[in-house]
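Q: Below is one structure. I have some questions about it.
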Amino acid sequence: MLKYLIIIVVLILIALIIIKANNPNFKYEANKLVEYLGGIKNITNMEVSVSRFKVTLKDVSKVNKEGIQKLGARGIVEIDNTIKIIFQEDAKKLKKYIEQLNEE
């Protein structure tokens, strides 16, 4: 019985992840994040570590920290020309989406 309960819980979690991944608001929020970081041309490098999204920028003065906070950032740290943003689980997905924007 416990085995079936665990399987059901795992399936529900997978379904929730799929629903969130297909959320149309994600693309809007990712585009807003790029805008708040000063545009795609302002981004020189990105790194992801679990929930942390680290972005190296050409010009940090173009960053709109208030806007990033409104997108759900749990914290923002600025060091030189690098911004570290703490998100929950969307950091990897954000990086992948922004890389696709950069290729266009």
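Q: Mind listing whichever residues of region 69-88 are in contact (Cβ under 8 Å) with a residue 24 or more places away in the chain, farther than 15 Å from Asn42 by Cβ and part of a strand (DSSP E or B)?
A: Within region 69-88, Lys84, Ile86 qualify.
Q: Could you say which residue among Glu103, Glu66, Glu78, Glu35 is of a type in the set (D, E, K, R) and modelled with pLDDT under 90?
A: Just a single option satisfies the conditions, and that option is Glu103.
Q: Scan region 44-63 residue by residue and report those that are in contact with a helix residue (DSSP H, G or I) (Cβ under 7 Å, 6 or more places away or on another chain) and modelled with pLDDT of 90 or more.
A: Correct list: Leu57, Lys58, Asp59, Lys62, Val63.
Q: Given (1) in a helix (DSSP H, G or I); (2) open to solvent by 50 Å² or more (accessible area, probe 1.4 Å), where does Glu47 come up short, assuming only one miss?
A: With respect to (1) in a helix (DSSP H, G or I); (2) open to solvent by 50 Å² or more (accessible area, probe 1.4 Å), Glu47 is out only on (1).
Q: Residues of region 50-74 being under 21 Å from Asn25 (Cα atoms) and surrounded by fewer than 16 Cβ atoms within 10 Å (Cβ to Cβ), which ones?
A: Of everything in region 50-74, those that are under 21 Å from Asn25 (Cα atoms) and surrounded by fewer than 16 Cβ atoms within 10 Å (Cβ to Cβ) turn out to be Ser51, Arg52, Asn64, Lys65, Glu66, Gly67, Gln69, Lys70, Gly72, Arg74.
Q: What number of residues within region 13-30 are open to solvent by 70 Å² or more (accessible area, probe 1.4 Å) and either at pLDDT 75 or above or of a type in the set (Gly, Ala, Ser) (or both)?
A: Qualifying residue count, region 13-30: 3.
The values are calculated or read from the model by the stated rules, or taken from the named source; none is laboratory data. If you're wondering where the values come from, they're calculated on a predicted model, not measured in any experiment. Heads up, the Cβs are rebuilt from the backbone with ideal geometry, glycines too, and the neighbour counts pull from every protein chain shown. Just so you know, the surface numbers come from the protein's heavy atoms only, side chains and all, with ligands and any DNA or RNA stripped out. Shrake-Rupley method; radii C 1.70, N 1.55, O 1.52, S 1.80 Å.
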